[in-house]
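**Student:** Dumping the structure here so I can ask a few things about it.
The values are calculated or read from the model by the stated rules, or taken from the named source; none is laboratory data. Computed from a prediction, not measured in an experiment: that's the story for all the values here. Quick reminder, even Gly has a Cβ in these numbers, built from the backbone with ideal geometry, and neighbours come from all protein chains shown.
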Amino acid sequence: MAWPISLIYGSVVRVRNWLYDVHFFNSRSFGTPTLCVGNLSVGGTGKTPMIEFLISRLQDTKRLAVLSRGYKRKSKGFQMANADSTVESIGDEPLQIHKKFPNVTVAVDGNRCNGMASLEKLIKPDLVLLDDAFQHRRVTPTFSILLTTYANPIFKDWYLPTGSLRDSKYAAGRAEVIIVTKCPHILDKKEMDWFATRLQKRKNQTILFATLRYDPVLYGKESSIKLSDLKDMEFTLVTGIATPDPLVNHLKENDLVFEHLEFNDHHSFSSLEIDRLSKKGLIVTTEKDYTRLEGKMENLYFVRIEHHFLDQGEKRLMQLIDSELTLYR
């Protein structure tokens, strides 16, 4: 039953993109340059760590702002992160970014055109990072980065509900850069070339590859512990993300034995679940889940991750971005 639905869904998103391409639907450009980070799937490609990577490389030279829709927040309209912001007011991922980079403006708005206009009026940033905005075409980005994973790349995936694609595979052609994330730590040129062929690399489109790098230190509210210290401890891994397998495998590769409690992406923990987790002892979780669990239990620590590019990919990406932004100087 799911296969015909996937065919219908795939056809609908392709028609929608075509209507934007022929300008039947309007897409608005802004005076402020925008860098879009997104994917074609429902999650799990590493968008938030990529936004954080870009902030860390650009914040010293640019007045940055991040604009997200604030998925699953309970507030409405345009909201700007501040010291009183919560998961309920701006969403878990924007809150994570705000806490890590308090000097960078983080805003949420389901209407990205309105969000851009508000940022230009209130902040006047040099550059806006559009988080998870590739399929939201009402804003025409200056530069687009599309993420797909090594384990489940676009060309192996299929449309919802059979697969995880929420947008047309052909939309990948709009991206200036496609980054294959969560790769093995070693990837030879032959396999990179094979990926570029299967991704149907367009002219002037760049394909890059990145792996995940895990911090060897776990962070809590007022203390930290080394990952290696967990070898002699019982603990529970709690995840509410789209693809926890890389983290699970990382912990197992470090010879750790643990209980894994897996929840849906962006899971809102109930008071009963919090009470049960509080009785587990040491809890290890992701940085995103930490934003939803912080202050609700003791002995809570998170694993910090970041993208690490292969084959001089970081240098190539930053050169491409810098080249594009020189047009706005």
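**Student:** Name the residue, out of Glu52, Glu93, that is within 15 Å of the chain's Cα centre (by Cα), of a type in the set (Asp, Glu) and either in a loop (DSSP other than H, G, I, E, B) or more than 23 Å from Thr326 (Cα to Cα) (or both).
**Tutor:** When all the criteria are applied, what remains is Glu93.
**Student:** Going by what's in this entry, would Leu199 be described as crowded, with 18+ Cβ neighbours inside 10 Å, in contact with a helix residue (DSSP H, G or I) (Cβ under 6 Å, 6 or more places away or on another chain) and closer than 20 Å to Glu314 by Cβ? Walk me through it before giving the result.
**Tutor:** Working: crowded, with 18+ Cβ neighbours inside 10 Å: yes; in contact with a helix residue (DSSP H, G or I) (Cβ under 6 Å, 6 or more places away or on another chain): no; closer than 20 Å to Glu314 by Cβ: yes.
Criteria not met by Leu199.
**Student:** Which residues, counting only those in the range 268-285, are over 25 Å from Leu256 (Cβ atoms) and part of a helix (DSSP H, G or I)?
**Tutor:** Ser271, Leu272, Asp275
**Student:** Determine whether the range 279-291 contains at least one residue that is farther than 30 Å from Ser144 by Cα, surrounded by fewer than 16 Cβ atoms within 10 Å (Cβ to Cβ), among the basic types (Lys, Arg) and touching a residue at least 40 places away in the same chain (Cβ under 8 Å).
**Tutor:** So far as the range 279-291 goes, yes, one or more of its residues are farther than 30 Å from Ser144 by Cα, surrounded by fewer than 16 Cβ atoms within 10 Å (Cβ to Cβ), among the basic types (Lys, Arg) and touching a residue at least 40 places away in the same chain (Cβ under 8 Å).
**Student:** What tally of residues in the range 53-76 results from selecting those that are more than 27 Å from Tyr170 (Cα to Cα) and either touching a strand residue (DSSP E or B) at 6+ places or on another chain (Cβ under 9 Å) or surrounded by 20 or more Cβ atoms within 10 Å (Cβ to Cβ) (or both)?
**Tutor:** 9
**Student:** Checking Val238 against (1) in a helix (DSSP H, G or I); (2) aliphatic (A, V, I, L, M); (3) in contact (Cβ under 8 Å) with a residue 40 or more places away in the chain: exactly one of these is not met. Which one?
**Tutor:** (1)
**Student:** Outside the structural domain of Lys288 (by TED's automatic domain parsing), of a type in the set (Ser, Thr, Tyr), modelled with pLDDT under 95 and within 18 Å of Ile123 (Cα to Cα): does that describe Thr34?
**Tutor:** Details: outside the structural domain of Lys288 (by TED's automatic domain parsing): yes; of a type in the set (Ser, Thr, Tyr): yes; modelled with pLDDT under 95: no; within 18 Å of Ile123 (Cα to Cα): yes.
Against the criterion (outside the structural domain of Lys288 (by TED's automatic domain parsing), of a type in the set (Ser, Thr, Tyr), modelled with pLDDT under 95 and within 18 Å of Ile123 (Cα to Cα)), Thr34 does not qualify.
**Student:** Can I ask one more? Within 21 Å of Thr140 (Cα to Cα), of a type in the set (Gly, Ala, Ser) and at pLDDT 95 or above: which single residue out of Ser89, Ser85, Ser75, Ser68 fits that description? Write out each step before concluding.
**Tutor:** Numbers: Ser89 fails: within 21 Å of Thr140 (Cα to Cα); Ser85 fails: within 21 Å of Thr140 (Cα to Cα); Ser75 fails: within 21 Å of Thr140 (Cα to Cα).
Exactly one residue qualifies, and that residue is Ser68.
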